[in-house]
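*Asks:* Take this structure, written in structure tokens, and hold onto it; I'll ask about it next.
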Amino acid sequence: MNNSSCSSVDEPPDVAGLRHLTYAIIMPVILAFGMLFNTFSLVAAARSNLNSIALSYLFAIILSNLSLMILAVPWLMHRASQSDQCYSHATAFYHANIEPILLNWLATFSTYVLLCMSIERFVSVIQPSLFHRIHVLSRAVLALATSLCMCLIFHLPTYLKWSITCPDCWSVTIEKDVTSTTLWWIYIYTSQTMARFAPCAALVLLNIITIFKYRRIINKRSRMTTNAVSASQTNTPSNSTNNLSIVKKKIVLSASSQDEKRQLKLLSGLVCLVAVCIVPAGVAALLPHPDGNEHYVFGFVVEALELFHHSVISLVICMCNNDIHRRVRKMITCNSVSF
């Protein structure tokens, strides 16, 4: 949430309508679905059979995204308002000095939790023997606490970007004396590299390697199992009991193959979400204050994409887990009253 496209007194008139459409209509719809998806994911995760380590990561990313959705409500109201909107001193101070830190902190923390989960998934596929040594609760808690502190440090200086003025009433404006300095741009490039570019590059790389390695493992396992079933079918005398056993094995293999293919598709979707939604937000933060319509439009689009990412990513991660996926299907189809 860069506030890179914040309205100002020099905003082109023909951009005002697009800003209203984005922040008053499109993004509230995304926000509503985001609250629904994250709440749904929280309930599904709470009733799953995952171990405490996986749950700690899952709860961290869901709660950070859900908190982001809640805090985005006043942010959207502020962004949809006119540039000369009057506020009380407390509200103006919140929008200028507290809100940017909180929103960017939660968004970056969500990305780092996703990175921690991707590292564990990568190790479990590439080095299974090492996975059991790093997959412990103390390491997970330490990783989450470190990420939480680091993400806060990344964004603390953003309170310098905005100032509140009171010619007739309290309003929020960009502090151009700060944002035009070389030191500020050094901070912007450094913070965006640490908050968006570096973790996103690591996420994409780790998940792509995991996908290809996992696909090779699935294909190898499928060939071995198919050969074993074919051998048993050839060597076993034909009767109704044996035929039934072979049919059951094929059904189990088919279901397992479908689950694994679904996981690969979801991992591929996760890579696309990160690349399409998070990286452009970092690029937008590096742009100077817009002097033309293209910067405004780009700012609107990337903020909508970033909000969309945090709205759906928790549900995508939950669907990667077979236990949660089965429980969600039962709940949606009303096949289990106890969920």
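The values are calculated or read from the model by the stated rules, or taken from the named source; none is laboratory data. Note that this is a predicted model, so its numbers are computed, not measured. Reconstructed Cβ throughout: ideal geometry from the backbone, glycine too, with neighbour counts over all protein chains shown. Side chains included, ligands, DNA and RNA excluded: accessible areas come from the protein's heavy atoms. Shrake-Rupley method; radii C 1.70, N 1.55, O 1.52, S 1.80 Å.
*Asks:* Residue-wise, which Karplus ³J(HN,Hα) couplings in Hz belong to the stretch 146-155, taking 6.51 cos²θ - 1.76 cosθ + 1.60, θ = phi - 60°, and x for glycine or proline?
*Replies:* Ordered by residue, 3J(HN,Hα) equals 5, 4, 4, 5, 4, 5, 5, 5, 4, 10 Hz.
*Asks:* Could you pull the Cα extents of the stretch 128-217 along its three principal axes, largest to smallest, in whole Å?
*Replies:* Largest first, the stretch 128-217 extends 66, 28, 24 Å along its Cα principal axes.
*Asks:* Using a 1.4 angstrom probe on the protein heavy atoms only, line up PHE122, PHE109, PHE298 by accessible area, largest first.
*Replies:* Working: PHE122 50, PHE109 20, PHE298 70 Å².
The most accessible residue leads, giving PHE298, PHE122, PHE109.
*Asks:* In addition: Quick one: 3J(HN,Hα) in Hz for the stretch 303-317, Karplus 6.51/-1.76/1.60 with θ = phi - 60°, rounded, Gly and Pro as x.
*Replies:* Calculated HN-Hα couplings, in order: 5, 5, 5, 5, 5, 4, 4, 6, 6, 10, 5, 4, 5, 4, 5 Hz.
*Asks:* Using the heavy atoms of the protein chains and a 1.4 angstrom probe, tell me the accessible area per residue for the stretch 13-120 in square angstrom.
*Replies:* Values: 4310 Å² over 108 residues.
It amounts to 40 Å² per residue over the stretch 13-120.
*Asks:* Please give the net charge around ASN104, taking every other residue with its beta carbon less than 13 angstrom from that of ASN104, where Lys and Arg add +1 and Asp and Glu add -1.
*Replies:* Numbers: positive: LYS161, ARG196; negative: GLU99, GLU303, GLU306.
Computed value for this residue: -1.
*Asks:* Okay, next question. Can you send over the carbon and sulfur percentage of the accessible area for the stretch 115-202, probe radius 1.4 Å, protein chains only? Please list the in-between numbers first.
*Replies:* Numbers: 3460 of 4880 Å².
About 71 percent, which is the carbon plus sulfur part of the accessible surface.
*Asks:* Could you tell me how far the Cα centroid of the stretch 40-85 sits from the Cα centroid of the stretch 88-158, in Å?
*Replies:* Distance between centres, Cα-based: 13 Å.
*Asks:* Heavy atoms only, probe 1.4 angstrom, no DNA, RNA or ligands counted: give me MET77, MET69, MET194 ranked by accessible area, highest first.
*Replies:* Details: MET77 135, MET69 0, MET194 75 Å².
So, going from the largest accessible area down, we get MET77, MET194, MET69.
*Asks:* Using a 1.4 angstrom probe on the protein heavy atoms only, line up LYS220, LYS265 by accessible area, largest first. List each step's numbers first, then the result.
*Replies:* On the way: LYS220 120, LYS265 155 Å².
Accessible-area ranking of LYS220, LYS265, largest first: LYS265, LYS220.
*Asks:* OK, next. Using 0.36 nm per residue, how much length does the chain from ARG326 to VAL29 gain when fully extended, once their Cα-Cα distance is taken away?
*Replies:* 104.2 nm
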